[in-house]
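K.L.:
Got a structure for you, questions after.
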2 protein chains.
Amino acid sequence: MINVLIADDQPLQRFGFRMLLESQDDMTVLSEAANGSEAVRMTAQLTPDVVLMDVRMPGLDGIEATRRITAAGNRTRVLILTTFDLDEYAYAGLRAGASGFLVKDAQPEELLSGIRAVATGDAVVAPSLTRRLLDAYAHHLPAQSPSDGPEPTALDPRLTALTDREREILTVIGQGWTNTEIATRLHLAESTVKTHVGRILAKTDSRDRIQAVILAYDTGLVKPS
Amino acid sequence: MINVLIADDQPLQRFGFRMLLESQDDMTVLSEAANGSEAVRMTAQLTPDVVLMDVRMPGLDGIEATRRITAAGNRTRVLILTTFDLDEYAYAGLRAGASGFLVKDAQPEELLSGIRAVATGDAVVAPSLTRRLLDAYAHHLPAQSPSDGPEPTALDPRLTALTDREREILTVIGQGWTNTEIATRLHLAESTVKTHVGRILAKTDSRDRIQAVILAYDTGLVKPS
DNA sequence: GCCACCGTAGTACCCGGGTACGACATCGCT
DNA sequence: AGCGATGTCGTACCCGGGTACTACGGTGGC
């Protein structure tokens, strides 16, 4: 049985959550808190398994309440809920030690399975937020794959399909030249440039010149200045 | 309609996935791949919305296949599935650009909602993995106000004029996202994206997004991968 | 209370970029 | 002599990107 504490300043919201949770035979609502301080106090008294925590509350907000609850050290997990998927809240909440972060417009089933996951020690983050977190931090994830060797100066395989001329064009694309500029500076017709560009995009599987610019940087054809 | 490509070396497994997906009226299975190379090739040909990618496959494994698919730059999302929730795989997969990482013992509904989330540009990570990721990285999340240690590498002067949101947008521009992609993935209207982009270009004296991409690389906002 | 800034959203318009064709000359290899 | 790869040039078409506005709610500073 999962003991839950609901912390939300809106009574109607609390009621909805309570109804939903009580309809499950593996969950009970221990009590309800209307602000952060109450949530902290009740958590200390009742030691629920999970606190369903709203972010926006008068007085002590959900983030700070989460910080104090997790700092206390007992095994109560905090699942933060918010109306808006503001990433500032997500970052702050997760930093504060929350085990999860869901948006209120989620499906009831998602909330329920989220509570169960959190209760068993797992963690959940709303997909829309996961996206932002990944975008921001995926690059920083530890690389333990052995394929992180030193880089030789040989031509990147992604560029081998290109002819010399095409690599030349790709280089100036990577420097931000427009087709017109390439044409005048290299004494070509614009149609010729377009032909080259088209072939480059096809051979490198780039959908537009932006991808080509990125490729130029990633392969080292163009170096950051 | 969500077009899905199934990549798994076990025929029985593929069959199961196909049955599950075809039972949904908003999903179709475009094709099946039995190894990584096939997955990459078929993705290029068929441009599915989502690739259901197994990690362990003979030849080119799921991680490397994911890397190549996402490197290609088209809008196909990769949802990685694995039997074991080994975090090495998860790290590698997410670093490779996967939009999600689920374990195979998940409930069918979880898989389906995961596919839908990924198709609309969101991201999903299995709760058991989210827990590990949070444990490892919650400390590294950007600080809001509280006193925090290491400085986040001083901002390049050319970017100081930008607001936080604008820098966020510039980052994804630097990753080659189109306006439409930015809109869907960040849950914005395309007009809003255009407004942001316009301001970014004005503030950074860039004549088009290409110059902005170059600037993103030169200032280190985006790093070569 | 007012105002500046920010993020969001909309409409209308123009233009460069990309695609899909076809065409021709040169060069090197067989 | 024939052929393929490469580089050059052309036309026609469509769409995404960029610009130029306007607008409005929220927040924070004064």
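The values are calculated or read from the model by the stated rules, or taken from the named source; none is laboratory data. A quick note: this is a predicted structure, and the numbers were derived from the prediction, not measured. Quick reminder, even Gly has a Cβ in these numbers, built from the backbone with ideal geometry, and neighbours come from all protein chains shown. What goes into the accessible areas is simple: the full protein's heavy atoms, side chains included, and nothing from ligands, DNA or RNA. Shrake-Rupley method; radii C 1.70, N 1.55, O 1.52, S 1.80 Å.
K.L.:
Quick check for me: using +1 on Lys/Arg Cβ and -1 on Asp/Glu Cβ, what's the dipole size of the stretch B:2-135 about its Cα centre, in debye to the nearest 20?
P.N.:
Using Cβ point charges on Lys, Arg, Asp and Glu, the stretch B:2-135 gives about 380 debye.
K.L.:
Hey, can you rank B:189-196, B:46-53 by average C-beta count inside 10 Å, highest first?
P.N.:
B:46-53, B:189-196
K.L.:
How high is the relative contact order of the stretch B:2-135, in percent, with contacts defined as C-alpha pairs under 8 Å that are six or more residues apart?
P.N.:
Computed over the stretch B:2-135, the figure is 21 percent.
K.L.:
Shielding by partners for A:112-123, please: the mean number of other protein chain Cβ atoms within 10 Å of each residue's Cβ.
P.N.:
Mean inter-chain Cβ contacts per residue within 10 Å come to 3.
K.L.:
Can you list, shortest first and in nm, the gaps between the label point of B:Thr163 and those of its counterparts in the other copies, using a point 7 Å from Cα in the C-beta direction?
P.N.:
4.9
K.L.:
Which residue, A:Leu30, A:Met53, A:Ile63, has the largest displacement toward the positive end of the dipole of the stretch A:2-135 when charges sit on each Cβ (Lys, Arg +1; Asp, Glu -1)?
P.N.:
The one lying farthest along the dipole's positive direction is A:Ile63.
K.L.:
Report, as an integer, the average count of C-beta atoms from other chains found within 10 Å of each Cβ along A:174-180.
P.N.:
3
K.L.:
How crowded by other chains is A:204-211, given as the mean number of beta carbons from other chains within 10 Å of each beta carbon?
P.N.:
Mean inter-chain Cβ contacts per residue within 10 Å come to 6.
K.L.:
Let me spell out the model: positive unit charges on the Cβ of Lys and Arg, negative unit charges on the Cβ of Asp and Glu, origin at the Cα centre of the stretch B:157-218. What dipole size does that give, in debye rounded to 20?
P.N.:
Its charge dipole is roughly 100 debye.
K.L.:
Which distances in nm, rounded to one decimal and ordered from shortest, link the label point of A:Leu186 to the equivalent label points in the other identical copies, with labels set 7 Å from Cα toward Cβ?
P.N.:
Relative to the other copies, A:Leu186 has label-point distances of 3.2 nm.
K.L.:
Also, quick follow-up: Can you list the copy-to-copy distances for A:Gly198, using a point 7 angstrom from Cα toward Cβ, in nanometres, shortest first?
P.N.:
The projected label point of A:Gly198 is separated from its counterparts by 3.2 nm.
K.L.:
Further, regarding this structure: Between A and B, buried accessible area summed over both sides at probe 1.4 Å, in Å² to the nearest 100?
P.N.:
4400
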